[in-house]
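Peer 1: My questions will all concern the structure given below.
Each reported figure results from applying straightforward, stated rules to the coordinates on display, with no laboratory input. Treat the numbers as computed from the prediction; the structure is a model and nothing was measured. Cβ placement follows ideal geometry from the backbone for every residue including glycine, while neighbour counts extend to all protein chains displayed.
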Amino acid sequence: MSDFEAEKTLAALKSVEYIEDGMAVGLGSGSTARHFVHALGERVRQGLVIKAIPTSKKTKALAIKEGIPLTDFGDIKRLDVTVDGADEIDPNLNLIKGGGGALLREKIVATATDCFIVVADSRKPVATLGAFPLPVEVIPFGWQNVAESIKKLNSAVELRIKENGRPFRTSQRNFVLDCRFEEIPDPVSLGIELRRIIGVVEHGLFVGMTDTAIIGKNDSVEIISGIRGR
Ligand code: 5RP
C-alpha cells in the first residue's frame, strides 16, 4: 500500500468512530470514501445499526456488497453524519470536490447532513483553492456557451473526456467542465458567479459546509474543526 493509501485508510478508520447506532449516514464517493465504506461495513457486520444514502452508483454498489442497509430521501429528510473525500481543502475547510464527477449528489447529501466530515490524505490541504481544476456540472445543450462564460471569469476550461474519447457523463447524464482558475481566493463570490450562468447545474466548491476534516499524515491523523455552526 502506498503512503497516501495508508493515510486515506487512517483518516477513514478515524471517521468511522463518529458513527453511532441509529444514525442515518451519508456515504461519499472516491477512493478515500471507499475506505470509509469498507470500514463502516465491518462495523455493521459487528452489529452497528444504521441506514445510509450513497452519493454515487459506485458507492451504492460497494455499500450493498458490504451489507450496509440503504435508504433514500423519500424515507428520511436529514442525515446525522456524512463522510466524504475532497480534492482540495483550504484552511477554512472550504473544499473543491467532484474529481470523480459525483459533485451534485455529494452536495445534495452534504447539505442534508447535520455533521459533514471530510477525509483525505496529506496532499489535499492547500493554502488557497484552485490549483486543482474546479469541476462544474453543466447541461449538455449549449455547453460551449457556458464554457465561454466561465472563461470570462479568468479560467481555462476543458470538457471532461473519457478514455474512449467521448464526453464524461454524470449520474444525471450531464457534462463536466474542468475549470483551471489556478487561485480561488474568494470561493463564495466565485460560487455565486458560476451559479448565475444559465446551463450550470452545480459547481464543486463546498463552502462553509465542513464540520470536521480528518487528514491522514504519515502514521497518524490530524483532526481540524471547521467554522460551521460556530
Ligand atoms: C468525487 C469526489 C471525491 O471525493 C474527490 O475527488 C476525492 O477523491 P479521492 O478520495 O479519490 O482523492 O469529490 O466526486
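Peer 1: Of LYS14/LYS77; LYS8/LYS60; LYS60/LYS107; LYS60/LYS124, which ones are farther than 22 Å apart at the Cα?
Peer 2: LYS14/LYS77; LYS60/LYS124
Peer 1: Quick one: which residues, 5+ away or cross-chain, put their amide H under 5 Å from the amide H of GLY130? H built at 1.01 Å from N.
Peer 2: Under 5 Å from the amide H of GLY130 lie the amide H atoms of ILE184, each far enough along the sequence or on another chain.
Peer 1: How large is ³J(HN,Hα), in whole Hz, for each residue of segment 201-207 in order, when computed from phi with the Karplus curve 6.51 cos²θ - 1.76 cosθ + 1.60 and θ = phi - 60°, using x for Gly and Pro?
Peer 2: 8, 6, 10, x, 7, 10, 9
Peer 1: Something else about it: Which ³J(HN,Hα) values in Hz, rounded to whole numbers, follow from the phi angles of segment 107-114 under the Karplus curve 6.51 cos²θ - 1.76 cosθ + 1.60, where θ = phi - 60° and Gly and Pro get x?
Peer 2: For segment 107-114, the Karplus curve yields 6, 4, 5, 4, 6, 9, 10, 6 Hz.
Peer 1: Sticking with this one: Identify all lysines with a Cα-Cα distance to LYS152 below 21 Å; exclude those on the same chain that are fewer than 8 residues away in sequence.
Peer 2: Excluding near neighbours in sequence, the set is empty.
Peer 1: With the dipole of segment 106-181 worked out from charges on the C-beta (+1 for Lys and Arg, -1 for Asp and Glu) around the Cα centre, which of LEU134, SER122, ALA110 lies farthest toward the positive end?
Peer 2: Comparing the listed Cα positions along the dipole, LEU134 ranks first.
Peer 1: Please get the size of the charge dipole for the chain, origin at its Cα centre, with Cβ charges of +1 on Lys and Arg and -1 on Asp and Glu, quoted in debye to the nearest 20.
Peer 2: With Lys and Arg at +1 and Asp and Glu at -1, about 800 debye.
Peer 1: Give me the net charge of LYS51's neighbourhood, meaning all other residues with Cβ under 14 Å from the Cβ of LYS51; Lys, Arg count +1, Asp, Glu -1.
Peer 2: -2
Peer 1: Helix 3-16: angle to the longest alpha-carbon principal axis of the chain, degrees 0 to 90, nearest 10?
Peer 2: Roughly 60 degrees between the two axes.
Peer 1: Could you give the nm distance between label points at GLU158 and ALA6, where each point is 7 Å from its Cα heading toward the beta carbon?
Peer 2: With each label placed 7 Å out from Cα toward Cβ, I get 3.2 nm.
Peer 1: Taking amide H positions as placed in the peptide plane 1.01 Å from N, state which residues far from CYS115 in sequence (5 or more) or on other chains have amide H under 5 Å from it.
Peer 2: Answer set, sorted by chain and number: VAL81, THR82.
Peer 1: Same structure again: Helix 57-66 sits at what angle to the longest principal axis of the chain, using alpha carbons and giving 0 to 90 degrees rounded to 10?
Peer 2: It is inclined by approximately 10 degrees.
Peer 1: Okay, next question. From the gyration tensor of the Cα coordinates in segment 1-126, what semi-axes in whole Å does the equivalent ellipsoid have, largest first, with each one equal to sqrt(5λ)?
Peer 2: 21, 17, 13
Peer 1: Taking θ = phi - 60°, what integer Hz values does the Karplus form 6.51 cos²θ - 1.76 cosθ + 1.60 yield along segment 32-42, in sequence order, with x for Gly and Pro?
Peer 2: Per residue, the Karplus-derived 3J(HN,Hα) values read 6, 4, 4, 4, 4, 5, 4, 5, 5, x, 4 Hz.
Peer 1: Compute the relative contact order of the chain as a whole-number percentage, counting only Cα pairs closer than 8 Å that sit 6 or more residues apart in sequence.
Peer 2: Computed over the chain, the figure is 23 percent.
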